[in-house]
Amino acid sequence: MKEATKYIHAGAEPDPSTGAIMTPIFQTSTYVQEAPGVNKGYEYARSQNPTRTALEKAFAEIENAKYGLAYSSGVAATDAVIKLLQPGDEVVCANDMYGGTYRLFTKIFEKFGIKFIYVDTTNAENVKKAITSNTRLVWLETPTNPLMNITDIAAVAAITKPKKILLAVDNTFASPYLQNPINLGADIVMHSVTKYLGGHSDVIQGSLMINDKDLRDKLYFIQKSCGAVPGPMDCFLVLRGIKTLHVRMKAHCENGAKIAQWLRSYPKVRKVYWPGFEDHPGHTVAKKQMRDFGGMLSFELKNDSIEEARRVLSSTKLFSLAESLGGVESLINHPATMTHASIPRDERIKNGLMDSLIRLSVGIEDADDLIEDLKQAIG
């Protein structure tokens, strides 16, 4: 199936009891059994739920994977992956990543004896050099949050595969519409489903997509044991959101391109981070592994002060000042004090994340209206 058809029909089967075209919301905590151990495939809703089953099937289909797992949040999905490891194991990961992932790695898992090695993954050789006999996992984000750095997934997979090191890719910024890491050699794909897959800023959820059954079973055991499961209503909302992923992403990409080009030409803007620019360091790789360049971008002002950034952030009328991304409405964000506040300032600055950096999640409103809003806010 072509992408548009796949998104609409992924995981969807008419309800056998009523013929309902939409998967019902099975709002139940448990299931009646005919006899001990004799059931209809469902025992307890932490372990399984029919609405969740349909969504997990959809997750697998849209990422060209064999298996999907739905979690209570993107961080919960990441948490499950790290719980595959043992004390003494090492993880190679990007030095530019979502602050919540960094916080999880440094504040939670480091104290259990797991070592995290941060490198510039835009050069696959840096990943290769960081690998030791204790490396069990490489964790990538591409494009990264918020600096829009690009990593060549296939190049990293060529390093990890022969060594039997797991490669996990956070595909949240791209979405399955733009990029499919499984096709490029990844073992695990993670999404903060809250973002583009849900698409309407009304649900918190995460997902993992996997090809290997043994790996899927290990992750499912961790989920069942630790309990990071989404409710059926949330699963229903995401099933609905996926159906319009293709039309939303087309609009996000078109608007993102217009706004990136406009910002770059605006005299008060110093730098724009967006992989669609031909002189972006990762443009060639992005063009190779992505179908388009998305609606996420960041920029710095020529007046490079946190006070000026705060003024702009508080002056928009259509762009809402809020955390998160990927919804139909446009959001403006200050990574240094919001999404990346958990990263020490020295680390942020060293990696290029300045105090004055502003991140945009470009929605699907009229692009000219969004440009006018930014123009009046920047001044």
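Here are the numbers for the structure shown:
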{"quantity": "Of residues in the range 77-113 being surrounded by 21 or more Cβ atoms within 10 Å (Cβ to Cβ) and without any contact (Cβ under 8 Å) to a residue 60 or more places away in the chain, the one farthest from Asp346 (Cα to Cα)", "calculated": "Ile82"}
{"quantity": "So Thr121, is it polar (S, T, N, Q), open to solvent by less than 20 Å² (accessible area, probe 1.4 Å) and either without any contact (Cβ under 8 Å) to a residue 60 or more places away in the chain or not in a helix (DSSP H, G or I) (or both)", "calculated": "yes"}
{"quantity": "From Val362, Val328, residue being in contact (Cβ under 8 Å) with a residue 40 or more places away in the chain, within 25 Å of Ser175 (Cα to Cα), under 21 Å from the mean Cα position of the chain (by Cα) and surrounded by fewer than 21 Cβ atoms within 10 Å (Cβ to Cβ)", "calculated": "Val328"}
{"quantity": "Residue among Tyr7, Tyr31 that is among the hydroxyl-bearing types (Ser, Thr, Tyr) and over 14 Å from Leu239 (Cα atoms)", "calculated": "Tyr31"}
{"quantity": "Elements of type helices (runs of 4 or more DSSP H) contained in the range 1-112, each with 2 or more residues being in contact with a strand residue (DSSP E or B) (Cβ under 8 Å, 6 or more places away or on another chain)", "calculated": "50-62, 74-82"}
{"quantity": "Filter pass, Val312 being of a type in the set (A, V, I, L, M), farther than 30 Å from His9 by Cβ and open to solvent by 20 Å² or more (accessible area, probe 1.4 Å)", "calculated": "no"}
{"quantity": "Long-range neighbours under 8 Å by Cβ, at least six apart or interchain, first residue touching a residue at least 12 places away in the same chain (Cβ under 8 Å) within the range 187-201, second open to solvent by 10 Å² or more (accessible area, probe 1.4 Å) and part of a strand (DSSP E or B)", "calculated": "Asp187/Leu166; Ile188/Leu166; Met190/Asp170; His191/Asp170; Ser192/Asp170"}
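The values are calculated or read from the model by the stated rules, or taken from the named source; none is laboratory data. Owing to the predicted nature of the structure, the values given are computational and were not obtained by experimental measurement. Positions of Cβ are backbone-derived with ideal geometry, glycine not excepted, and every protein chain shown enters the neighbour counts. All accessible areas refer to the heavy atoms of the entire protein, side chains included, with ligands and DNA or RNA removed. Shrake-Rupley method; radii C 1.70, N 1.55, O 1.52, S 1.80 Å.
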